[in-house]
Amino acid sequence: MFGRGAVAALALALLMAGCGGSDDTDSAAPTATVRRSPTSTAAPATTTTTAAPGQEDFTAILRDLLARRDEAYEKNDISILEGIYSTQCACLANGRKAVEQQKAQGIHAAGARLKLLRTELVNRLSPTYAVVRGIVEQPPFNFVNTDGAVI
């Protein structure tokens, strides 16, 4: 998964809009949190870093988080979401609900890949914590049933 300390916390604010953080002020602490030590059995993240504070590749970190989030909805796998979000984040509760609804309907997302348009360091709270804003776009996608038919 992510390296200790900085990286997990730094990736945090990507999902501010989805986790209740809609305040555009740079000094506001985010309400969303990302797990520091995921306990899920989901596949490990492909992006890791041991970069010193100020040298992190936030774009790569956020792209990796988005790819894992997309995978969770395509596989209807809550454990992947549990590996991304803290239990205090509304994103996890919302994601669980969405995946359970998809499972109940016998469908899953197909091609639902969020596109990261821009990454911005909003505030470095300490050498190991930062608020990062990611601007994303949701291109069109489909839901498919267990036979692969588009719904």
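The values are calculated or read from the model by the stated rules, or taken from the named source; none is laboratory data. Note that the structure is predicted; figures quoted are calculated from it, not measured. All Cβ positions, glycine included, derive from the backbone under ideal geometry; neighbour counts span all protein chains shown.
Laid out as a table, the results:
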| read-out | value |
| --- | --- |
| Filter result for the condition that a residue is on the phi > 0 side of the Ramachandran plot, at pLDDT below 95 and either touching a Phe, Trp or Tyr at 6+ places or on another chain (Cβ under 9 Å) or acidic (Asp, Glu) (or both), over Gly111, Gly148, Gly54 | Gly111 |
| Flag for Arg124 being touching a helix residue (DSSP H, G or I) at 6+ places or on another chain (Cβ under 7 Å), surrounded by 13 or more Cβ atoms within 10 Å (Cβ to Cβ) and basic (Lys, Arg) | no |
| Neighbours by Cβ (under 8 Å, 6+ apart or cross-chain): first from the stretch 124-139, without any contact (Cβ under 8 Å) to a residue 24 or more places away in the chain and over 14 Å from Gln55 (Cα atoms); second surrounded by 15 or more Cβ atoms within 10 Å (Cβ to Cβ) and of a type in the set (S, T, N, Q) | Ile135/Thr119 |
| Any chance Gly106 is at pLDDT below 95, more than 14 Å from the chain's Cα centre (by Cα) and on the phi > 0 side of the Ramachandran plot | no |
| First in the stretch 96-107 and among the hydrophobic types (A, V, I, L, M, F, W, C), second anywhere and surrounded by 12 or more Cβ atoms within 10 Å (Cβ to Cβ) and assigned to a loop (DSSP other than H, G, I, E, B), Cβ under 9 Å, 6 or more apart | Val99/Asn76; Val99/Asp77; Ile107/Asn76 |
